[in-house]
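The next block holds one structure in the form of structure tokens; read it before the comments.
What follows draws every value from the coordinates through simple rules; no lab data is involved. As the structure is a computational prediction, the values presented were derived from the model and not from experiment.
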Amino acid sequence: MRAIRGFTLLELLVVVAIMALATAGVGLSLRDSSQTQLEREAQRLSALLESARAQSRMTANPVRWTTTPTGFRFDGITDSELPTRWLGDDVTTARQAAEEAARATDLDERRRKALAEAAAIRSMMSTPAKVLVAKKPEEPKPAPRAAADAKKGTLHKPAAAPGAAPRNAGAGAGTGSWTAPSARRPP
């Protein structure tokens with residue numbers, strides 16, 4: 001009896017060739033779906049433009065193809081049965097792509113401003129707050145009280161006794177001398 005030692009080189013080459021053919025078949029069947037969809041849309045648009053051209057020649061009216069936010073339209077054809085939408089939802093024209101790019105730029109600018117504002121708020125919140133403490137207003141100190149018998153007056157005129165006529169009233173007012181309250185004699 002003969003012992004089995006492994007696979008022969010011919011057997012390995014056959015297996016590798018079968019795997020290569022299977023991989024190539026799968027690769028060709030799985031084409032890029034977005035590319036295929038775009039090619040279908042291009043062929044469809046070409047057929048629609050040809051149909052619009054034929055209708056324009058029959059009616060002698062000029063026809064213009066324009067894009068809309070939801071698809072496209074043919075201006076100049078009345079009661080047209082031509083479609084006005086793309087087959088796929090992700091198909092856009094150059095104008096729509098430019099509008100989306102402008103919106104994205106605006107959104108990025110708004111996001112940048114919001115982040116800058118949030119950073120400014122965070123920095124204000126993180127700095128230590130200075131606490132202002134209100135001081136208790138100082139109460140006015142009472143004036144020292146003089147003796148009970150002291151009378152108010154000025155350096156120039158003595159204070160008048162209650163019920164007494166003012167001194168030096170009349171022609172000689174302001175020329176009299178002043179005497180201290182203790183030096184006065186009671187009447």
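Couplings 3J(HN,Hα) for region 117-126, derived from phi with the Karplus relation 6.51 cos²θ - 1.76 cosθ + 1.60 (θ = phi - 60°), are 5, 5, 5, 5, 5, 4, 5, 5, 6, 7 Hz, where x marks Gly and Pro. On a per residue basis, the convex hull of the C-alpha atoms belonging to region 9-91 measures out at 109 Å³.
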